[in-house]
Amino acid sequence: WCGPCKILGPRLEKAVAKQKGRVAMAKVDIDDHTDLAIEYGVSAVPTVIAMRGGDVVDRFVGIKDDDQLDSFVSKVIGQ
């Protein structure tokens, strides 16, 4: 139902796919999993949270362009 989420989703999937398996992406419906939204402080959508080893390493809220998403994903995997 989230318009910005529908725009961001395919862009983020594309940025993740470029990493050829070095990063995984999961989508969470916060209406169905409000416990996770509360635990991770999600107060607006879309919120993207990068995790490594169970720890939050970065996050952003809102829509980003393709270059910003590529940069975000590269930073998360340490490139």
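Checking each residue in region 39-56 for being farther than 18 Å from Ala17 by Cα and either surrounded by 11 or more Cβ atoms within 10 Å (Cβ to Cβ) or charged (D, E, K, R) (or both) picks out Glu39, Tyr40, Val42, Val45, Pro46, Thr47, Asp55, Val56.
Only residues in region 8-37 that are among the polar types (S, T, N, Q) count as the first member; pair them with residues that are open to solvent by less than 80 Å² (accessible area, probe 1.4 Å) and not in a helix (DSSP H, G or I), Cβ under 7 angstrom, at least 6 apart or cross-chain, and list the lot. Pairs that qualify, where the first residue is among the polar types (S, T, N, Q) and the partner is open to solvent by less than 80 Å² (accessible area, probe 1.4 Å) and not in a helix (DSSP H, G or I), are Gln19/Ile77.
Taken as a whole, region 57-70 holds no residue that is small (Gly, Ala, Ser), open to solvent by 40 Å² or more (accessible area, probe 1.4 Å) and either touching a strand residue (DSSP E or B) at 6+ places or on another chain (Cβ under 9 Å) or free of Cβ contacts under 8 Å to residues at least 40 places away in the same chain (or both). Only residues that are open to solvent by 50 Å² or more (accessible area, probe 1.4 Å) and touching a helix residue (DSSP H, G or I) at 6+ places or on another chain (Cβ under 8 Å) were counted in region 1-13, giving 1. Scanning region 14-28 for residues that are surrounded by 13 or more Cβ atoms within 10 Å (Cβ to Cβ) and within 13 Å of the chain's Cα centre (by Cα) gives Lys14, Ala15, Val16, Val23, Met25, Val28. Of the residues Met25, Met51, the single one that is in contact with a strand residue (DSSP E or B) (Cβ under 8 Å, 6 or more places away or on another chain) and of a type outside the set (Asp, Glu) is Met51. Residues that are open to solvent by 80 Å² or more (accessible area, probe 1.4 Å), more than 19 Å from Ile7 (Cα to Cα) and in contact with a strand residue (DSSP E or B) (Cβ under 7 Å, 6 or more places away or on another chain) do not occur anywhere in region 31-38.
The values are calculated or read from the model by the stated rules, or taken from the named source; none is laboratory data. Since this is a predicted model, take the numbers as computed values, not measurements. Cβ: placed from backbone, ideal geometry, glycine included. Neighbour counts: every protein chain shown. With ligands, DNA and RNA removed, areas are computed over all heavy atoms of the protein, side chains included. Shrake-Rupley method; radii C 1.70, N 1.55, O 1.52, S 1.80 Å.
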